[in-house]
Amino acid sequence: MTLFESSLRTDGSRTTVHPADVHGRFNLWRHVVFYGLIVLWVLLPWITIAGRPAVFLDITARAFYLFGLSFNAQDLWLLFFGATGFAFALVAITAMAGRVWCGWACPQTVFLEGAFRKIERLIQGPREDRLRRNKGPWTVNRLARIAASHAFYAGLSLLIAHVILSYFVSLPGMFQMIRENPGAHPEAFLWTFGIAGVTYFNFAWFREQFCVVMCPYGRLQSVLLDEQSLVVGYDTKRGEPRGKANSSNAGDCVDCRRCVVVCPTGIDIRNGLQLDCLACTACIDACDDIMDRLHRKRGLIRYDSFAGLAGSARRFWRPRLWLYAALAMIGLAATSFAFSSRRSFEANALRPPGVPYALRDGYIDNAFQIHVTNKQAQEEPFVFESQSSELDVTLGASSVRLRAMASTRIPIVVRIRRERYRTGAVAIVKVTNRQGDFQLVRLQLAGPEP
Ligand code: SF4
Ligand code: SF4
């Protein structure tokens, strides 16, 4: 027994939703977006920028390549700014356009509606056939269709898992792993099958429940929306009272329930905006089709604000949106600044373990190492020069070539006459790369109290 229609009953058990096919302008544009995104996600590891895949997250080497930029573990702090900017942007977009992300671009929706439901429809037929078959006995035909659907779900899940794997090991790496014995790469093998298993469970069975009971963003929407946010809504003033098409005092809703049977979460939008609504627009297309057939104006269910649906004036800019937009801009500016202030290499002074200095023949010797990390996506030469002519600085190497994202340590000994040593004395070594970017590394000398 449910209060409203939903995929969940009040006792927590689930009703399997079999949404009907829907056609219309929103459905068409959503599928253009879905297939565009799927192509993009699949192609990203194939596209090469500056000699590397557009996206390559090489966790074993702690090197990350994103659209021609390269990062290492020291750049993890940038993730904070990136995530904050993205979160504020999502908050601003939600306040403006509701759950547009859920309905149009979330991978859960894109793969479910753009691929898995298509397989189901192709093999098991339209909603009416599926419902009729499910009510009937277990026949060979029914079993064969279900088995075939699940075989394709499993195959597609494996394919998606391999696409995800290619983001982490690169395409050549993945093809090499596929050719080799799984025992040679047990972690990659287990991860791929683990991801494929979760993907299969999610898209073959769990489906809309992920959005309804698991996704935190769906829960947040109620606090992010206000009466001016764009939502998919039913025009109660125009639609009620529901009645037959030829009834004189009835509203425009003929209670055909097309909007309910196409809904992927099984809800009735006429009960008002609900947490389960993904703003997928299927009910808009379904109702527009009914209105066309009845020669009535489209838009009984439409994209509108609560204020617009209630017949009040629409106002785009309001204090909450200014605030969210300002926070999103600050997040974006901080992210851009963080990325632009990123260095092409890192050079830091390290002291080897043990006593910091040695006394020899009236001299103080300080041993150091300069730790250099090449953060470029290609091999780079580095040149080391002492900037302290008054000190005797012996460099372990005057230059070095480092592979992409590789590090090395250059030993250095700084010698100073004992009587010239003062607390706070420093030697400076300049490290320069091919582009002329340089860093001055300060070597703080240690010695006995003068
Ligand atoms: S599709 Fe439109 S007319 Fe039919 S029940 Fe839904 S709101 Fe009413
Ligand atoms: S109520 Fe309409 S927009 Fe919301 S999930 Fe159902 S069909 Fe999609």
Simple spin-label estimate for Arg121/Asn134, 7 Å along Cα→Cβ, in nm, reads 1.7 nm
Which aspartates and glutamates, if any, have their Cα less than 18 Å from the Cα of Lys375, not counting same-chain residues under 8 positions apart? Asp58, Asp75, Glu346, Asp437
Nearest 10 degrees, 0 to 90: what angle lies between the long axis of helix 77-97 and the longest principal axis of the chain (Cα atoms)? 20 degrees
If you put +1 on each Lys and Arg Cβ and -1 on each Asp and Glu Cβ, how big is the dipole of the chain around its Cα centre, in Debye rounded to 20? 800 debye
Which of the cysteines in the chain are isolated, no other cysteine C-beta under 4.7 Å? Cys102, Cys106, Cys211, Cys215, Cys253, Cys256, Cys263, Cys277, Cys280, Cys287
Given Leu165, Cys280, Phe210, which one lies farthest toward the positive end of the charge dipole of region 158-281, if we put +1 on the Cβ of every Lys and Arg and -1 on the Cβ of every Asp and Glu? Cys280
Sorted from fewest to most neighbouring beta carbons within 10 Å, what does the list Lys297, Lys118 look like? Lys297, Lys118
Mean residue ellipticity (222 nm) of the chain, computed from DSSP H runs ≥ 4 via -39,500 (n - 2.57), nearest 500: -12000 deg cm²/dmol
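Report the trypsin sites (Lys or Arg not before Pro) located in region 215-250 that are in a DSSP loop and have at most 16 other Cβ atoms inside 10 Å of their Cβ, or state none.
Details: sites: Arg219, Lys237, Arg238, Arg242, Lys244; in loops: Arg242, Lys244.
Filter output for region 215-250: Arg242, Lys244.
Mind checking the alpha-carbon convex hull of region 236-307 and giving the volume per residue in Å³? Please report the intermediate quantities before stating the final value.
Working: hull volume 6.1 nm³, N = 72.
Cα-based convex hull of region 236-307, divided per residue, equals 85 Å³.
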To the nearest 0.05, how large is the calculated FRET efficiency for Thr423 and Leu90 if R₀ is 51 Å and r is the Cβ-Cβ distance? 0.45
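Would you please report the Å³ per residue occupied by the convex hull of the alpha carbon atoms in region 167-229?
Details: hull volume 8.4 nm³, N = 63.
Given the Cα convex hull of region 167-229, per-residue volume reads 133 Å³.
For the chain, what's the relative contact order in percent, using C-alpha pairs closer than 8 Å and at least 6 residues apart? Numbers along the way, then the final one.
Working: 707 pairs, mean separation 75.7, N = 450.
Computed value for the chain: 17 percent relative contact order.
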Please arrange Ile195, Ile410, Ile49 by how many other C-beta atoms lie within 10 Å of their C-beta, fewest to most. Ile49, Ile195, Ile410
So what's the gap between the Cα centers of region 51-84 and region 2-47, to the nearest angstrom? 31 Å
Mind grabbing the base-10 log of I(q)/I(0) for the chain at q = 0.06, 0.07, 0.11 Å⁻¹? Debye formula, identical points on the C-alpha positions, no solvent, two decimal places. -0.44, -0.56, -1.00
Give me a comma-separated list of calculated 3J(HN,Hα) values for region 261-278, in order, Karplus coefficients 6.51, -1.76, 1.60 applied at θ = phi - 60°, integers in Hz, x for any Gly or Pro. 6, 8, 6, x, 10, x, 9, 10, 4, 5, 8, x, 5, 10, 4, 6, 6, 9
Provide the three semi-axes, in whole Å and in decreasing order, of the ellipsoid equivalent to region 197-355 as defined by the square roots of 5 times the Cα gyration tensor eigenvalues. 48, 23, 12
Cut-off under 22 Å on the C-alpha distance; same-chain residues fewer than 8 positions from Lys297 excluded. Which lysines are left, in chain and number order? Lys237, Lys244
Phi to ³J(HN,Hα) by Karplus 6.51 cos²θ - 1.76 cosθ + 1.60 over region 166-177, Hz, x for Gly, Pro: 5, 5, 9, 10, 6, 5, x, x, 5, 5, 5, 4
Using DSSP to call loops (not H, G, I, E or B), can you name the GluC sites (Glu not before Pro) in region 346-445 whose Cβ has at most 14 other Cβ atoms within 10 angstrom? Glu379, Glu390
Alpha-carbon centroid distance for the pair region 391-416 / region 307-379, whole angstrom: 25 Å
For Phe345, other-chain or 5+-apart residues with amide H closer than 5 Å (H placed, Pro excluded) are Lys375
For region 314-330, in order, what is each residue's ³J(HN,Hα) by Karplus, 6.51 cos²θ - 1.76 cosθ + 1.60 with θ = phi - 60°, in whole Hz (x at glycine and Pro)? 8, 10, 6, 7, 9, x, 4, 6, 4, 5, 4, 5, 5, 5, 5, 5, 4
Interchain or long-range residues, amide H under 5 Å from Val426's placed H: Leu445
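When 1/r is averaged over all different Cα pairs and the result inverted, which Kirkwood radius in Å belongs to region 313-450?
Details: mean 1/r = 0.0557 Å⁻¹.
The Cα-based Kirkwood calculation yields 17.9 Å.
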Can you list the trypsin sites (Lys or Arg not before Pro) in region 343-436 that are in a DSSP coil and have 15 or fewer other beta carbons within 10 angstrom? Arg343, Arg403, Arg422, Arg434
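Every read-out reported here was derived from the displayed coordinates using simple, explicitly stated rules and does not represent laboratory data. All figures in this text were calculated on a predicted structure; none of them were measured in a lab. As a convention, Cβ positions derive from the backbone with ideal geometry for all residues, glycine included, and neighbour counts pool all protein chains shown.
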